[in-house]
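The values are calculated or read from the model by the stated rules, or taken from the named source; none is laboratory data. Model, not experiment: these values are computed from the prediction. Note that each Cβ is placed from the backbone with ideal geometry, even for glycine, and that neighbours are counted across all protein chains shown. Ligands, DNA and RNA are stripped out before the accessible areas are found, and what is left, the full protein with its side chains, is counted by its heavy atoms. Shrake-Rupley method; radii C 1.70, N 1.55, O 1.52, S 1.80 Å.
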Amino acid sequence: MIIARTRKDLNKTLQRFSQKPGKLALIPTMGNLHDGHLSLIRLAKLNAVKTIATIFVNPLQFGKNEDYSKYPRTEKVDIQKLTKEKCDILFIPTDKNEVFPENENLKKIESGKLGDELCGKIRPGHFNGVLTVVNKIFEIIKPDIAIFGAKDYQQQILIKQMAENLHPSLSLLKAPIIRSKNGVALSSRNNYLSEKEIKLASNLFKCLENSVSSYKKNIRLCEIIENAKKFLISKNLDPDYFELRDSKLNSIKDNNFNGKKIFLSSVKINNTRLIDNIEF
Ligand code: AMP
């Protein structure tokens with residue numbers, strides 16, 4: 001695997017790879033790689049000849065009181081994992097100037113109304129920061145394909161909208177959620193949890209699954225949501241939201257919706273926020 005740490009090195013590598021035939025797939029990450037991230041690399045390899053991962057903890061998407069400085073940085077192990085997966089290129093910038101150079105105009109991307117809902121409501125400005133960095137990475141790397149996980153469902157929808165406008169020839173792929181045996185969606189933030197808290201966290205997926213089966217039994221949606229919130233609280237999971245939306249994240253208010261749907265939730269365990277969702 002070729003590791004590029006500066007824009008200059010990256011451009012040289014991309015130039016060299018552009019002479020090889022075949023598509024280039026991009027997998028953007030913030031590192032601390034787990035099987036969820038690696039599943040994206042595997043999906044990339046099934047869909048493209050060349051793969052590039054990025055590891056960049058993007059300061060623009062963290063709020064003032066969030067975990068930017070303590071976000072787990074595990075570069076050495078991440079490189080070993082990507083090498084094992086036979087990823088072709090890793091862009092792991094030495095610092096933020098390699099992504100957002102001071103002499104370059106910063107094109108800020110606004111995430112609009114949807115960016116202020118669900119996770120955006122609890123993390124104001126978060127999705128503007130995500131879209132701004134993802135757009136920048138798309139501009140620098142110009143991939144044919146980019147892959148994002150369904151775990152960050154709202155992020156994936158907002159990136160799709162942004163890419164349709166600004167990068168119309170790019171194909172986006174959505175990778176399924178990878179979970180541990182007890183149902184907890186893999187996440188770098190699970191590292192913040194104790195074993196006992198991980199056990200509690202497994203109730204989030206249980207709650208999502210139960211809500212799906214209740215909806216299928218035609219139990220009233222408002223009742224399902226009320227019960228879900230009560231259940232989460234009883235397990236020491238403090239819900240920020242628990243909602244049913246359609247596949248584009250428009251609200252669903254009743255039981256008569258026939259299209260693809262998704263229950264989404266964000267909960268807090270002590271100071272750690274976890275998100276999860278289930279499509280049906
Ligand atoms: P992150 O490093 O958290 O920014 O995640 C990088 C990419 O990995 C995003 O597209 C995430 O949606 C995806 N991802 C994170 N966790 C999982 C998971 N458990 N299953 C599938 N994809 C995931």
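With every protein chain kept in place and ligands, DNA and RNA left out, what is the accessible area per residue of the chain? Probe 1.4 Å, answer in Å². Each step should come with its number before you reach the end.
Numbers: 14530 Å² over 280 residues.
With the other protein chains kept in place, the chain gives 52 Å² per residue.
If you take every residue apart from ASP9 with its C-beta less than 15 Å away from the C-beta of ASP9, what net charge results, scoring Lys and Arg +1 and Asp and Glu -1?
+2
From the helices alone, meaning DSSP H stretches of at least four residues, give me the mean residue ellipticity at 222 nm for the chain, per-run term -39500 (n - 2.57), in deg cm²/dmol to the nearest 500. Walk me through the numbers on the way to the answer.
Values: 8 runs with 105 residues, N = 280.
Value at 222 nm, helices only: -12000 deg cm²/dmol.
What does the net charge come to around LEU106 if you take all other residues with beta carbon closer than 15 Å to its beta carbon, with K and R at +1 and D and E at -1? Before the final figure, lay out each step's value.
Values: positive: ARG7, LYS96, LYS107, LYS108, LYS136; negative: GLU98, GLU102, GLU104, GLU110, GLU139.
Local charge sum for LEU106: 0.
Answer rounded, prolate or oblate for the stretch 79-153, using the Cα gyration tensor with square roots of eigenvalues a ≥ b ≥ c: rounded when a/c is under 1.5, else prolate when a/b is larger than b/c, else oblate. Mind dumping the intermediate values first?
Numbers: a/c = 2.16, a/b = 1.34, b/c = 1.61.
Oblate, since a/c reaches 1.5 and b/c is not below a/b.
Among the chymotrypsin sites (Phe, Trp or Tyr not before Pro) within the stretch 1-102, which fall in a DSSP loop and have no more than 15 other Cβ atoms within 10 Å of their own Cβ? Don't skip to the answer; put the middle values down first.
On the way: sites: PHE17, PHE56, PHE62, TYR68, PHE91; in loops: PHE56, PHE62, TYR68.
Answer in residue order: TYR68.
By the gyration tensor of its Cα atoms, with a ≥ b ≥ c the square roots of the eigenvalues, what is the shape of the stretch 130-280: rounded for a/c under 1.5, prolate for a/b over b/c, or oblate? Don't jump to the answer; show the numbers that get you there.
Numbers: a/c = 2.44, a/b = 1.40, b/c = 1.75.
Since a/c reaches 1.5 but b/c is at least a/b, the shape of the stretch 130-280 is classed as oblate.
Report P(r) for the chain: all Cα-Cα distances, bin width 5 Å, range 0 to the bin holding the largest distance, values in whole percent.
1, 5, 12, 16, 18, 17, 13, 9, 5, 3, 1, 0
Past 32 Å, Cα to Cα, is the threshold; run LYS217/LYS248; LYS70/LYS206; LYS45/LYS76; LYS86/LYS206; LYS206/LYS253; LYS84/LYS229 against it and keep the listed order. Could you put the intermediate results ahead of the total?
On the way: LYS217/LYS248 24 Å; LYS70/LYS206 29 Å; LYS45/LYS76 22 Å; LYS86/LYS206 35 Å; LYS206/LYS253 22 Å; LYS84/LYS229 41 Å.
Table pairs above 32 Å Cα-Cα are LYS86/LYS206; LYS84/LYS229.
With a 1.4 Å probe and all protein chains left in place, how much of the accessible area of the chain comes from carbon and sulfur atoms, in whole percent? Please report the intermediate quantities before stating the final value.
Numbers: 7140 of 14530 Å².
So the carbon and sulfur contribution to the accessible surface is 49 percent.
Could you give the nm distance between label points at GLU164 and ASP116, where each point is 7 Å from its Cα heading toward the beta carbon?
Distance between label points: 2.1 nm.
Tally Lys and Arg at +1 and Asp and Glu at -1 over the other residues with C-beta under 10 Å from the C-beta of ARG220: what net charge comes out? Please list the in-between numbers first.
Details: positive: none; negative: GLU223, GLU226, ASP254.
Net of charged neighbours comes to -3.
Less than 18 Å from a label point 7 Å out along the Cα-to-Cβ axis of LEU172: which backbone N atoms in the stretch 73-116 qualify, by residue?
108-116
Structure shown: which of LYS96/LYS151; LYS113/LYS174; LYS113/LYS260 lie over 24 Å apart, alpha-carbon to alpha-carbon?
On the way: LYS96/LYS151 26 Å; LYS113/LYS174 22 Å; LYS113/LYS260 21 Å.
Correct reply: LYS96/LYS151.
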